[in-house]
Amino acid sequence: MTSESPTASPTESPAAPCGTREAVHEQAVDGFGTVRVVPVDPAADAGVIHRWVIEERARFWGMGDASREQVLEIYTHLDSLTTHHAFLALLGDEPVALFQTYEPSADRVGECYDVDPGDVGVHLMLGPAAGEPRPGYTAALLSVFVSHVLSVPGRQRIVAEPDARNEKAITRLQRTGFVLGPEIVLPEIDLPEVYLPEKRARLAFLTQESFAGRS
């Protein structure tokens with residue numbers, strides 16, 4: 001996140017359910033159905049995001065101790081920015097993943113590598129699985145997200161920075177075509193509107209050309 005915009009005041013006003021929002025991306029995935037990507041509405045989605053981030057499996061997201069109110073404040077602040085954006089992935093009308101994009105030059109990661117024009121940063125958290133495991137499910141969702149991100153004119157490369165301890169996420173990125181970069185230390189951010197602890201991360205990159213070659 002960045003300090004350039006002031007904190008917005010959270011609101012609990014009625015908001016549209018996920019399934020009725022206009023999608024920014026929609027893609028049919030063989031064997032799974034249609035995945036829709038919709039903007040996060042902080043007031044409507046704080047509950048589901050809070051349930052996800054406090055689970056042990058989401059420990060690398062870094063919000064395990066957050067209250068629902070803090071989640072609402074964080075995503076209201078993020079929604080006020082022009083450089084950072086949050087989305088939910090829906091399978092049918094059910095949220096299945098949280099996906100965030102950001103401009104690396106407006107984020108702390110921009111202090112840790114040479115940002116190129118056309119770079120876009122991403123964060124991804126899958127929601128808890130419902131029912132029996134479905135082979136290929138995670139790969140299918142990643143493909144949808146990458147397709148959406150790289151469909152925006154001017155974007156040339158995706159930058160990810162998973163926690164260096166999160167071997168599962170790093171392996172998943174490699175299988176999607178990401179090329180690993182060096183380990184970095186993301187600096188602590190301590191501002192009135194957001195706190196982010198120092199984080200040891202692993203850079204990973206996926207270019208427009210390499211993704212097109214795999215599609």
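Yes/no matrix, rows are residues, columns are (1) within 17 Å of the chain's Cα centre (by Cα); (2) open to solvent by 10 Å² or more (accessible area, probe 1.4 Å); (3) within 13 Å of Asp45 (Cβ to Cβ); (4) among the small types (Gly, Ala, Ser):
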site: Glu56; (1), (2), (3), (4): no, yes, no, no
site: Trp61; (1), (2), (3), (4): yes, yes, no, no
site: Gly64; (1), (2), (3), (4): yes, yes, no, yes
site: Val71; (1), (2), (3), (4): yes, no, yes, no
site: Asp79; (1), (2), (3), (4): yes, yes, yes, no
site: Thr82; (1), (2), (3), (4): yes, yes, no, no
site: Ala89; (1), (2), (3), (4): yes, no, yes, yes
site: Gly92; (1), (2), (3), (4): no, yes, no, yes
site: Ala97; (1), (2), (3), (4): yes, no, yes, yes
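Flag set for Ala129, criterion: surrounded by fewer than 17 Cβ atoms within 10 Å (Cβ to Cβ) and of a type in the set (A, V, I, L, M, F, W, C). Of the conditions (1) under 15 Å from the mean Cα position of the chain (by Cα); (2) at pLDDT 95 or above, Met1 fails just one. Which one is it? Result: Met1 fails condition (2) only. Against the test of being outside any loop (DSSP other than H, G, I, E, B), polar (S, T, N, Q), modelled with pLDDT of 90 or more and out of contact with any helix residue (DSSP H, G or I) (no Cβ under 7 Å at 6 or more places or on another chain), the options Thr34, Thr76 yield a single qualifying residue, Thr34.
Of the residues Ala106, Ala164, the single one that is closer than 20 Å to Leu81 by Cα, among the hydrophobic types (A, V, I, L, M, F, W, C) and open to solvent by less than 80 Å² (accessible area, probe 1.4 Å) is Ala106. Val144 meets the conditions (1) within 14 Å of the chain's Cα centre (by Cα); (2) surrounded by fewer than 21 Cβ atoms within 10 Å (Cβ to Cβ) in every case but one. The failed one is (2).
The values are calculated or read from the model by the stated rules, or taken from the named source; none is laboratory data. Values in this document were obtained by computation on a predicted structure and should not be read as measured data. No Cβ is skipped: glycine too gets one built from the backbone with ideal geometry, and neighbour counts run over all protein chains shown. The protein model used for the area step is the full one, side chains on, heavy atoms only, and it has no ligands, DNA or RNA in it. Shrake-Rupley method; radii C 1.70, N 1.55, O 1.52, S 1.80 Å.
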